[in-house]
């Protein structure tokens, strides 16, 4: 119409308007029709992708039957692939390539809502997985934080996801357990490959593995943790089944498992330890700088460089030190920051009398916090959870607390594992924030709710983005006062101390793996700048060495959640609803941080209207 106007000046304005109207209406109808077609195509495409995701997840469970076991799917409880073998790695690669090509072949045009979210997360994670194949982590399958050897004890000891309720359950573990020696042999072969390639673990980690293995190796099967299921045989089993299983388990442990553990122990002690490295940073390995940068991007779901993350950590440490100084003034404490840290570590009022007292304290927190949960949350998981002590054999190297998701079928609750090792270092002021992080409303709320989502694919329900998951856990600690805890300045110090600890992680993790920091330098930085004990500082430093960049996820994720909440509060004013905000954050499960920010922006816009 604009191009025609000069030649139509002789016509009446009314004529121009009259001829324009039907053309505009026709354009509007055409646009509406096009939009309707696009919407219809998007719905059809979304349905197709939903079917594909279901097929994909079925293949995931067949490829990784241990994942199925932890999910509560018992179909593959007797199976155990040789995860570290070249054949299995090739199978994984081909699987990832095929499924990425399949999903990208459908495309994202026309998708919206959960369909678009699922597509973007699937494609992003598949590409990340393929990119990560460049880095040979399979050459370093054993460290003090975990290995097939330690995970096998958890599964076969009857304290984890592997069920031992029926005769078939017991036969399933017999089949699975008898496959373990092959996996150990593969790990040894892979470590030998690493020795040739210069891809080996730091010596500081591997010296901790020897006593862990020694604690598992016994002279008699009955004295091993693998004997647990036989010690707890269900009473309703027939006498013949009890006798058969007892003999079979004794034979498996004596003839298969103990020789495999002894061989692994001898290899690490006699052959691998002399080849380990004095350095601790992953950047000291071949292609190590790129390896660490990849890990940092992957765990934080951002494009931040290690240098940027290091500076954020330094800034946060300084800010939180300022908050602790305010608290010192409030309590009337006289002395330096380090004096206050020492006081919080050594004053007997902050100690637990014994392990039962520690566990009872944690269990009492549930009732206190649950009273106030409805003020902050409208979305609450159906799954229950339990509090258990960390198993003795792994307690020395384990974190202060950890969470295991419930099974999908409801047969296993969510489990909050509390570490009772070195009891004098476990402080009362550390309990409330740890409970908020690991249990309610932290990991238990987020992970159990994610698993209960009925309208998203299984890869999202049972997968996850570490920055979101751990960011939510740390953010949950900040809700303590709203949930009826942190009633004393000392308990609130526990929150500040743990927020400080996560900021210190940004400094020390990047220090270890990109700035040449030593293990001892990291431990000293922790002791100088926090109230953590030397026991905890040592375990944490070695954890960061074992899992490069994993520790970055907490603070980076929490900062993003705090940032989008502050934005929502500012823009919505009186319309801001904390229950609605928390529901919006949690309702789609864990997502990359940029996706979280985009969906909160949409939520803010909808509330404004």
The simple spin-label model distance between residue 195 and residue 487, using points 7 Å out along Cα→Cβ, in nm, is 5.9 nm
Taking only the alpha-carbon positions of the stretch 101-201 as identical scatterers, the Debye log10 I(q)/I(0) at q = 0.12, 0.16, 0.21 Å⁻¹ comes out as -0.71, -0.88, -0.98
Taking N as the residue count of the stretch 87-154, its alpha carbon Rg divided by 2.2 N^0.38 Å gives 1.49
Compactness check, the stretch 472-609: C-alpha Rg relative to the 2.2 N^0.38 Å globular estimate gives 1.23
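Whole number please: convex hull volume per residue, Cα atoms of the stretch 297-443, in Å³.
Hull volume over Cα atoms, normalised by residue count, gives 186 Å³.
Can you give me the relative contact order of the stretch 294-560 as a percent, contacts being Cα pairs under 8 Å and 6 or more apart?
27 percent
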Taking every DSSP bridge whose two residues both lie in the stretch 294-560, the antiparallel percent to the nearest 5 is 50 percent
By the mean-Cβ-within-10 Å protection proxy, highest first, 563-569, 114-120, 461-467 rank as 461-467, 114-120, 563-569
Expressed as a percent, the portion of alpha-carbon pairs in the stretch 294-560 spaced more than 30 Å apart is 27 percent
Reduced to Cα centres, the span from the stretch 150-183 to the stretch 403-437 in Å works out to 24 Å
Quick numbers on the stretch 65-288, Rg and Dmax over C-alpha atoms in Å, give 20.7, 64
Ordering 272-279, 238-245 by per-residue average of other C-beta atoms within 10 angstrom, highest first, gives 272-279, 238-245
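Can you put 582, 44 in order of Cβ neighbours within 10 angstrom, beginning with the fewest?
The fewest-first ordering by Cβ neighbours comes to 44, 582.
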With label points set 7 Å from each Cα along the Cα-to-Cβ direction at residue 601 and residue 386, the distance between them in nm comes to 4.6 nm
So for R0 = 41 Å, FRET eff. of residue 131-residue 244 from the Cβ-Cβ r, to 0.05, ends up at 0.25
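With n ≥ 4 as the cut-off for DSSP H runs, can you work out [θ] at 222 nm for the chain, using -39500 (n - 2.57) per run divided by the number of residues, rounded to the nearest 500? Kindly include the intermediate steps, with their values, before the conclusion.
On the way: 27 runs with 380 residues, N = 609.
Dividing the helical sum by the residues of the chain leaves -20000 deg cm²/dmol.
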Cα extents of the stretch 177-315 per principal axis, largest first, Å, are 64, 35, 22
Check: C-alpha center the stretch 454-477 vs C-alpha center the stretch 286-328, spacing in Å is 21 Å
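Based on the Cα coordinates of the stretch 139-243, what is the per residue volume of their convex hull in Å³?
Dividing the Cα hull volume of the stretch 139-243 by its residue count gives 104 Å³.
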By the Kirkwood definition, with r running over pairs of different Cα atoms, the stretch 256-321 has a hydrodynamic radius in Å of 15.3 Å
In units of 2.2 N^0.38 Å, the Cα radius of gyration of the stretch 427-503 is 1.22
Using alpha-carbon coordinates alone, the radius of gyration and Dmax of the stretch 339-404 in Å work out to 15.8, 45
Cα convex hull volume per residue for the stretch 132-188, in Å³, equals 103 Å³
Counted neighbours (other Cβ, 10 Å), sorted fewest up, put 70, 122 in the order 70, 122
Expressed in nanometres to one decimal, the distance between label points 7 Å along Cα→Cβ at residue 217 and residue 346 is 4.1 nm
Rounded to the nearest 5, the percent of DSSP beta bridges in the chain running antiparallel is 50 percent
Length-normalised contact order of the chain, Cα under 8 Å, at least 6 apart, in percent, tallies to 15 percent
Per the Kirkwood formula over distinct C-alpha pairs, the hydrodynamic radius of the stretch 517-568 in angstrom is 12.5 Å
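Which translational diffusion coefficient, to the nearest whole µm²/s, is obtained for the chain from the Stokes-Einstein equation, given a Kirkwood hydrodynamic radius over C-alpha pairs, 4 °C and 1.567 mPa s?
Numbers: Rh = 26.9 Å.
In µm²/s, the coefficient is 48.
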Cβ density ranking, 10 Å radius, fewest first, applied to 599, 608, 342 yields 608, 342, 599
quick shape note, the stretch 464-546: Cα extents on principal axes in Å, largest first -> 42, 32, 17
Kirkwood calc, the stretch 437-480, C-alpha pairs only, radius in angstrom 10.6 Å
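FYI, it's all coordinate maths here, none of it is from the lab. Note that the structure is predicted; figures quoted are calculated from it, not measured. A quick note on method: Cβ atoms are made from the backbone with ideal geometry, for glycine too, and the neighbour counts reach across all protein chains shown.
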